[in-house]
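Please read the structure below before turning to the comments.
Read-outs throughout are calculated quantities, based only on the coordinates presented, and are distinct from any laboratory measurement. Here the structure is a predicted model, which is why all the values come from computation and not from measurement. Ideal geometry is used to build each Cβ from the backbone, glycine not excepted, and the neighbour counts take in all protein chains shown.
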Amino acid sequence: MNLDQKLKDTEYIKIHSWGKILTYLKRQFDEWATERLCNEGYKTFKMVYMPVLMNIKVEGTNNNDLAKNARVTKQAMSKVAKELQELGYIKTKTDPKDKRSTIFTLTEKGKKLVIEARLAVEGLTNEYRELLGKEEFDNMVLMLEKIIVYTDQKLSPADE
C-alpha cells in the first residue's frame, strides 16, 4: 500500500480527532471569555492572564506555588505577573518565610475580574448543562478530569 492510500485510510482520524476537538473548544472558549470580559470593561484582558489570576489564593500565593498550580514556567509566570501588576490586577510583597520568594495577592480590581470570570464560566457551564443534560455534562467533566489525572501521573510518575 502506498503512502497516499495510507493517508486516505487515516482521514477519519483527522476528522474525529479528540485532540482537534479539544483544540477547537479551547479556541472557542478563549474567544468567548475574551469577548465577555472585554464587554465587561476589561479591555486590556488577555487569556494568558487567567492561569495566574485564577491560582492566586485569597491570602496570597508564593511565586513557586503559583507557577506550579498555573502549570507554567517560573519565567513565564514572572512575565505575566509583571504585566498583571502594571495593569493593577495584582500586587506583590516579599515572602516573610523566604526572602527569595514573592507573595502575589489580588488587588480589588483583580478580585472583581476573578469573580466576574468565575460567574461567567458558571453561566456558560449551566448553558452547556442545559444543552447536553446535567448528568451527561457532569459525566463528561468527570471523564476529562480522569484523563488529566491519568496523563499527569504518566508524565510525572511518583519517585520510587
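The alpha carbon centroids of the stretch 15-35 and the stretch 52-87 are separated by 24 Å. The overall shape of the stretch 44-112, judged from the alpha-carbon gyration tensor, is oblate: a/c is not under 1.5, and a/b is no greater than b/c. Going from the fewest other Cβ atoms within 10 Å to the most, the residues LEU3, LEU37, LEU84, LEU119 appear in the order LEU3, LEU119, LEU37, LEU84. Just so you know, the Cα atoms of the chain work out to an Rg and Dmax of 19.8, 67 Å. To test your reading of the geometry: what angle, between 0 and 90 degrees and rounded to tens, separates the Cα axis of helix 18-39 from the longest principal axis of the chain? That works out to roughly 40 degrees. Taking the stretch 1-107, which trypsin sites (Lys or Arg not before Pro) meet the DSSP loop condition and have no more than 15 other C-beta atoms within 10 Å? Hits after loop and neighbour filter: LYS43, LYS46, LYS57, ARG71, LYS97. Dividing the Cα radius of gyration of the stretch 81-160 by 2.2 N^0.38 Å, with N the residue count, gives 1.62.
In terms of distances greater than 26 angstrom between alpha carbons, the cross-link table entries LYS74/LYS97; LYS46/LYS68; LYS82/LYS109; LYS6/LYS26; LYS82/LYS111 yield LYS6/LYS26.
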